[in-house]
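See below for the structure under consideration.
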Amino acid sequence: MTDTTYLGVIAFSTLVMALIQVSVLVALFLMMKRMQAVVTRVEDATRPLLAKVQDVTRETSESIAAARLEISRVGEAVAHILHRVEETVGRVDAMVATPAREGAAIVAGARAVVHALRRPFVPAGRAHAPASHDGEQQRGGQHGGQMRTSGVPM
């Protein structure tokens, strides 16, 4: 083999390598073009979905804000109602408890008067009366002269 043959083989193999490289570049270019078309189709298909997601997100934010406002209003209403109930309870307590205490005091005074009137009058010189069964009933029974915790004699 001569030098020319070697040069021919080298030139042919270089040509084959160049054709392979060009075909790989063309295949890559076509694949890139297809990928770009697929990406464009995916973007076009997802645009309405993204718009719906944005709408749902906006509506959710508005709903949460409205719910917060309603919760705040309900809290204020409950606080107002509780305040009014406390005022009413205070007024009812003042209207019922004070007369009830006064009535209880009048009843206690009436009992004291009745007990005082049931006891026989003992002159100062006769401090000790004879201890008989009849005398116990006149003085108020076996508890005569003792005081209750309310201050009313028994």
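Values quoted throughout were computed directly from the atomic coordinates according to the rules given, and no laboratory measurement underlies them. These numbers were taken from a predicted model, which means no experiment stands behind them. Here Cβ is always computed from backbone atoms with ideal geometry, including for glycine, and neighbour counts include all displayed protein chains.
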Ellipsoid equivalent to the range 1-83 - semi-axes via the Cα gyration tensor, in Å: 77, 13, 4
Inter-probe distance in nm under a simple model that places probes 7 Å from Cα toward Cβ, at residue 18 and residue 49: 4.8 nm
³J(HN,Hα), Karplus 6.51/-1.76/1.60, whole Hz, each residue of the range 17-32, x for Gly, Pro: 5, 5, 5, 5, 5, 5, 5, 5, 5, 5, 5, 5, 4, 5, 5, 5
Label point distance in nm, residue 6-residue 33, each placed 7 Å from Cα along Cα→Cβ: 4.3 nm
